[in-house]
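First the structure, in the form of structure tokens, and then the observations on it.
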Amino acid sequence: EPEVTQTPSHQVTQMGQEVILRCVPISNHLYFYWYRQILGQKVEFLVSFYNNEISEKSEIFDDQFSVERPDGSNFTLKIRSTKLEDSAMYFCASRFLAGGPETQYFGPGTRLLVL
Amino acid sequence: AQSVTQPDIHITVSEGASLELRCNYSYGATPYLFWYVQSPGQGLQLLLKYFSGDTLVQGIKGFEAEFKRSQSSFNLRKPSVHWSDAAEYFCAVGPGGSQGNLIFGKGTKLSVKP
């Protein structure tokens, strides 16, 4: 069964450093998402991406964040200058269509720790 | 505001016992409702979803959930829990926006006693 993959599974970085989290969505999917979960809190929506541009973003997704689909398979989340509060589990998800109850498929997540 | 509440942070049940995980939501229209499960080191796997029709929906691994509009609830049930069901369970509602993002609850961690 096709699945969403994410790399790395864990990343430790120093405050102020840039990190890039990578995701490979399911190959025929068109809509891509990033979510994060700070320890003990809810899974929160960050951004959705379609047709090579951001289609929607939450208030969490400020100028420190960016997303890109650099080639036909990868979907990346970049944090330009990490803060302590960016420590969280980051999930990538994809789906074929945007509307309706169609399932979003999630990756296993990248656990980011900012020291 | 749209939100999902899972009132139980951690539940422990004995293997073979029945299970009910609670989920309440706040949403302006008729929502699409989902239950996801996350095992350690794994992604969020869809257990089941509801969007219309029969309010009792069946999912994978023997789980079911019932949509109760009057109570704004979508509780997850399983008649007999197996040790492999130990995981974290997330209730979600959508769409949270025009592009279908989901709004999640905080999750309920399920432990299973032998």
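The values are calculated or read from the model by the stated rules, or taken from the named source; none is laboratory data. What you see is a predicted model, and the numbers here were worked out from it, not measured in a lab. Virtual Cβ from ideal backbone geometry, glycine too; neighbours counted across all protein chains shown. Heavy atoms of the whole protein, side chains included, go into the accessibility calculation; ligands, DNA and RNA do not. Shrake-Rupley method; radii C 1.70, N 1.55, O 1.52, S 1.80 Å.
Summary table
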| quantity | calculated |
| --- | --- |
| Average beta-carbon neighbours from other chains, 10 Å sphere, peptide B:100-110 | 6 |
| Segment A:16-115: trypsin sites (Lys or Arg not before Pro) in DSSP loop, at most 16 other beta carbons within 10 Å | A:80, A:83 |
| Where GluC sites (Glu not before Pro) fall in DSSP loop in segment A:43-103, at most 12 other Cβ within 10 Å | A:59 |
| Computed E for residue B:10/residue A:10 - FRET, C-beta separation, R0 25 angstrom, nearest 0.05 | 0.55 |
| For chain B, built as a Gaussian network whose Cα springs stay under 10 Å, the top-fluctuating residue of B:58, B:71, B:45 | B:71 |
| Inter-chain Cβ neighbour average for residues B:37-43, partner chain, 10 Å | 4 |
| Solvent accessible area, Å² - residue B:9, 1.4 Å probe, full protein context | 130 |
| Electrostatic dipole magnitude of chain A [Cβ: Lys, Arg +1; Asp, Glu -1; Cα centre; debye, to 20] | 220 |
| Interface B:A - total buried accessible surface [probe 1.4 Å, Å², rounded to 100] | 1900 |
